[in-house]
Structures are given as structure tokens and as C-alpha cells.
Amino acid sequence: MSEVEGLKTYEVRTYGCQMNVHDSERLSGLLEGAGYVRAPEGADGDADVVVFNTCAVRENADNKLYGNLGRLAPMKTKRPGMQIAVGGCLAQKDRDTIVQRAPWVDVVFGTHNIGKLPVLLERARVQEEAQIEIAESLEAFPSTLPTRRESAYAAWVSISVGCNNTCTFCIVPALRGKEKDRRTGDILAEIEALVAEGVSEITLLGQNVNAYGSDIGDREAFSKLLRACGKIEGLERVRFTSPHPRDFTDDVIAAMAETANVMPQLHMPMQSGSDTILKAMRRSYRQERFLGIIEKVRAAMPDAAISTDIIVGFPGETEKDFEQTMHAVRQARFANAFTFQYSKRPGTPAADMEGQIPKEVVQERYMRLSALQEEISWDENKKQVGRTLEIMVAEGEGRKDGATHRLSGRAPDNRLVHFTKPDEDVRPGDVVTVEITYAAPHHLLAEGAPLGVRRTRSGDAWEKRTGAEAAKPAGVMLGLPGIGAPAPLPPAAAPGCGCD
């Protein structure tokens, strides 16, 4: 047992998209509800329970998992009572294979039954044998589970799980199941509870977030939800990810433009600019449709920052197809693009398609696209110089903040801004008004003294939470629904599964 006031400790390691990040908040909440405390930062497996929340999107996802499991095997041998659990998409896909390849694993659970983790751990301990339980469909909407939020000022709020699309490169629908929507009243009740605890920014989360309503037969349900969020007092910022172009209707654009707390930001995966490749991907739109949505969004919200996901080197992609992607990127003027070299997702139709592109060709195209987008991102960021923006102070986003005497935060359009530290004390969740003086491709600088500081309830919540955690040896269980959620994710996780 770890020596943290005699309590058992846990560590959750998360791979993949925002959905997994949010699921890990729930796994942490379940474990803390069962009496565990979070292991100290940097524990690196030195915990009584280590949980891997896995992703199956990348070709080498299983190699990464088994490599990490292998490093824990000798530690488990030296530490009686230590338990290892594997959940998430790879667990849903591989099931019995995990225990066959890593017999020291105690629990394997899937995407549909994360709420069973504490029970499965106890059963494995009592019976002294591995417990494998993979549900084929959702047992209960995961938002009913206790959650240990990672932030006091910003929160994920799941509005649906699963996906009804059949993109040929994506295995997620097979692992997450068909789309299932939450009741609007339950979503709004969770948001109101979060705001009451001090949260001022929420991100609506779904595998295909703007398809919300298909499960309940209301095509305008998502735009109605956005407008309802606008009526929640104290909720300052609303974001959502990731929408699908197929479901991006005019009523959603109108709701974004007309709802004051819905931020002028849109992350919408394009995947390819070639109609031929989009058809092979089984994407239900074409380049003209995608660019038409962007044109409408910019007409309604001229200052909107638009980002995307793009896959380079999909099977059968010719140089002409790739040039169509480059053309679409030039037309769209994305603020940012998460670009990926195609890698086979085992179990997807694309993995067996003819015309797999040689790696050196994919790499060369990827470099060309990255260079183009870098240039566009820089040009678009330069347009921000001279603007006065309200920045929500973030926690842990500026790696050089201490050395540069700066703080960091997010503008309304989600651009990262580093700014001069004010003379007065500010906390994550507070809002600072600054003038942008310099632009780099991936961030902005405000080098002058801030123009104003607004202390917020979110800052109060962060201060209260930090004080409570300092008084305890590990994480504080914040209850259901808890407070806060993610600081913005690092680039590797930001675009989600790359399948929307």
C-alpha cells in the first residue's frame, strides 16, 4: 500500500480523444468514491491501482499499451496487492487478447461499462483471477457517474455517445456504438450545477456533437441546446466539439451567432479536400459543401477562428487529390489544422483498401501541407495584432511563463495568448483584458501591461480547490457532478478521434 496517509492510491493513464479524457475524469471519480486517492504527480506506476484508458485509432496503439504494461510487470511482482486495469476502445476491441498477452492484468473493461471498474477490481482481488467484462451496449449514460474534474473553471459536458456514421477509416462506431443522446433537461441541469460550483466555460462533447437530436427525432435540437445555454446565468463561454459537416445546418450557425456566450470558434473536421477521397472515406459531403459552411459561418461571425482535421495519404490518394486538399486549405484559411499521416486502423474498411500510399510519399505530402498551414496560421494570427481581447487565465498552458514573467490563457476564439503578468494577483479562471502586440503561428503575445483584471467566481473556485488539495495528500473527490473539467488539450489530443 502506498504511504499516503494509509490510503490506497490510483493512477489513470489516458490515450486518445476528448471523450477518453472525460471518461478518465469519471474513472478517477469512481475510484475516489471507492476510497482511493490520486497518486502523487510523477508516480509513474507507483500506485496500488493503475488504469489504462486506451485508444484504438492508431495502428500502433496496441504496441504502445503492451510496452507500458510490460514496464509495470516487475513493479507488480515487487508490490503485493497492486492491480492493473485496462479500459477504453482498445479493451473493447481486443478483449481476451489483453490478458493472454499480459497475464498480470487484473481487469479488462470496455467503453460501455466504465462504472463497473471498482466492482471488477474488488472481484479480481477476492477471486485472485483476472476479470474481463465487455458490455455490448451502453448500460447507463456515463454522465450519471461520479466525476473528478481536472479543472475548476472549465468543464466537458457530454451530450451524446456513439456515432451513426460509417467512415471507412474509423473504428470508433464499432467500439462506442450507435449514437445515444442525453435528455436536454439532464444536460442543462449538469451545466447549471457546474456553474453553481464556479465553472464559467463548458464544452459540449459528442462523437458527432451536432447530430444531437437524431436519437430523439428533432433535427434542430442542437441549435436549441446552444440557445438554452445562452440563458444560463454565470455561464460565460460555450464551446462544442466535434461537429460533422453533414449535420451543420443554418439554424446551428444562427444559434452560434445570436447566442452571446457561444464562442466564435469552430473545429470541424474536413479530412480531405478531394471529392474522390471523401467518397472513398464515406464522408457525406464534398469540398463545395464544406467550404460553403465556412463561408456562412464567417458571414455570421467574421471574427470566428475555424480549425479542422485532415488526413494525408488515404488509400488511393493521387497527387491531384492531394492538390485538391491544398486548394481547400488555401480557400478555408484555417486558424489551425491538425494534420495526420494516414495509418491503418485495424478493423476498418480502409485498412484493406487497394492503393495504400508508400510512407515516403505520405511524408512528403504531409510536410507540404504542414508548411502551407503554418504560413496560413501565422497570417491569420497576424490579423489579431492590435485587437483588445478578454483572456481567460489558464492553468498549465504556458511552459515558459515562470521564466518570462507571463501568464497564459485563451481568447474567446480559443487562440492561446501569453500576456504580461499583472501587478495584482490573478488566478486560473479570472479574466484579463489585453492588447495583442505580436503573433506567432501557434500563439499570440500581449507584451504591454494588461488593460484590466476581472476576478471571477471561477477564480474563487480554483483558489478554494487548490487550498483544499494542498491540505490533503492527493486529489479531492468533488462529487457529482463536481466542478470544472479540462484545460485545453495538447495538440495530440485536441482533434478527438479524427473521425468526425
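Here are the numbers:
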{"quantity": "Loop-located GluC sites (Glu not before Pro) in the stretch 79-175 whose Cβ has at most 16 other Cβ within 10 Å (DSSP)", "calculated": "GLU128, GLU129, GLU136, GLU139"}
{"quantity": "Rounded, prolate or oblate (a/c below 1.5 giving rounded, otherwise prolate when a/b exceeds b/c) for the stretch 81-173 by Cα gyration tensor", "calculated": "oblate"}
{"quantity": "Within the chain, helix-based [θ] at 222 nm, where runs of 4 or more DSSP H residues each add -39,500 (n - 2.57), nearest 500", "calculated": "-10500 deg cm²/dmol"}
{"quantity": "Where the stretch 177-330 is the region considered: accessible area per residue in Å², 1.4 Å probe", "calculated": "37 Å²"}
{"quantity": "Cα Rg, Dmax, the chain, angstrom units", "calculated": "22.6, 65"}
{"quantity": "Principal axes of the stretch 98-238: Cα extent on each, largest first, Å", "calculated": "52, 38, 22"}
{"quantity": "Space enclosed by the convex hull of the alpha-carbon atoms of the stretch 157-292, per residue, Å³", "calculated": "101 Å³"}
{"quantity": "Rounded to the nearest 20 debye, dipole of the stretch 144-299 from Cβ charges on Lys, Arg, Asp, Glu", "calculated": "580 debye"}
{"quantity": "4 °C / 1.567 mPa s Stokes-Einstein diffusion coefficient of the stretch 356-428, Kirkwood radius on C-alpha pairs, µm²/s", "calculated": "87 µm²/s"}
{"quantity": "Mean Cα-pair separation over length for the stretch 259-365, i.e. relative contact order, pairs under 8 Å, 6 or more apart, %", "calculated": "32 percent"}
{"quantity": "Sparse-neighbour loop sites [GluC sites (Glu not before Pro); the stretch 317-416; at most 15 other C-beta within 10 Å; DSSP]", "calculated": "GLU354"}
{"quantity": "The stretch 227-288-the stretch 114-175 distance, computed between alpha-carbon centres (Å)", "calculated": "25 Å"}
{"quantity": "The stretch 308-351 and the stretch 193-213: distance between their alpha carbon centers, rounded to Å", "calculated": "29 Å"}
{"quantity": "Options ALA193, THR147, VAL157, ranked by Cα towards positive dipole end of the stretch 83-195, top entry (Cβ charges)", "calculated": "VAL157"}
{"quantity": "Sites matching trypsin sites (Lys or Arg not before Pro) across the stretch 302-393 that sit in DSSP coil, with at most 16 neighbouring C-beta atoms within 10 Å", "calculated": "ARG333, LYS344, LYS383, ARG387"}
{"quantity": "Scattering curve values for the stretch 305-361, log₁₀ I(q)/I(0), Debye with Cα scatterers, q = 0.22, 0.27 Å⁻¹", "calculated": "-0.91, -1.13"}
{"quantity": "Solvent-accessible area, 1.4 Å probe, carbon plus sulfur percent, for the chain", "calculated": "50 percent"}
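The values are calculated or read from the model by the stated rules, or taken from the named source; none is laboratory data. Quick caveat: nothing in here was measured; it's all calculated off a predicted structure. Because the Cβ atoms are built from the backbone with ideal geometry, glycine has one as well, and the counts that use them run over all protein chains shown. Ligands, DNA and RNA are stripped out before the accessible areas are found, and what is left, the full protein with its side chains, is counted by its heavy atoms. Shrake-Rupley method; radii C 1.70, N 1.55, O 1.52, S 1.80 Å.
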